[in-house]
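In what follows, a single structure is set out as structure tokens and then discussed.
Read the figures in this text as sums done on the coordinates, not as results from a lab. Model, not experiment: these values are computed from the prediction. Cβ atoms come from the backbone with ideal geometry, glycine included; neighbour counts cover every protein chain shown.
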Amino acid sequence: MRILAAALSVLAAVALIPDPAVAADAKKSVPYYASISASRARMRTGPARTYPASWLYQRQDLPIKVVAIFKEWRKVADPDGTEGWMQANLLSGTRTAIVHGAGPVELREKPAASGKLLWRAAPGVVGRLSQCGNGWCRFDVKGQAGFVAIGGLWGVEAGETLP
């Protein structure tokens, strides 16, 4: 019995230690983009596990937009506009985007329409973002990278800059 009580007190102490990533995330101003870090993430109808799940995402790195914060919960919007609540620990600050629109986007060698065409990415393809500026972002899809005009992506705003 004494061992059980000691184990429970250790678990309670661990539960009270705040996650620094969640605390830093809570200080961001909304809206902002993030991505799903878990291979399976439930969206819920409210900010607690007692609310029913409305969606199960099974696509790690899918970009989402955080539109509200409540404690360790984030109200998010997915690329289709569906909104709901996810626990902050299922999300990452890693910036990703998804190709949207009717046709593929062109990944170019440099951030200009005159840059050499390297790849094409079909609608629905998810990649990681970096080096955004002047309407272009470096878009990396599992090692196949190039610069994409941001008009063909969901997960980045016009005029946004990223290192």
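Observations on the model:
- With 10 Å bins from 0: P(r) over region 19-125, alpha-carbon pairs, percent: 15, 41, 25, 15, 4, 0
- Length-normalised contact order of region 21-102 in % [C-alpha pairs under 8 Å, at least 6 apart]: 34
- Basic side chains Lys and Arg get +1 at the Cβ, acidic Asp and Glu get -1 at the Cβ, and with that the dipole of region 52-132 about its Cα centre reaches some 240 debye.
- Long-range amide H partners of CYS132 with built H, under 5 Å: ARG138, LEU162
- Whole-Hz ³J(HN,Hα) from phi, Karplus 6.51 cos²θ - 1.76 cosθ + 1.60, for region 68-83, glycine and proline x: 7, 10, 9, 6, 8, 10, 10, 7, 10, 10, 8, x, 8, x, 5, 10
- 3J(HN,Hα) from dihedral phi, region 144-151, Karplus parametrisation 6.51/-1.76/1.60, rounded to Hz, x for glycine, proline: 9, 10, x, 8, 10, 5, 5, x
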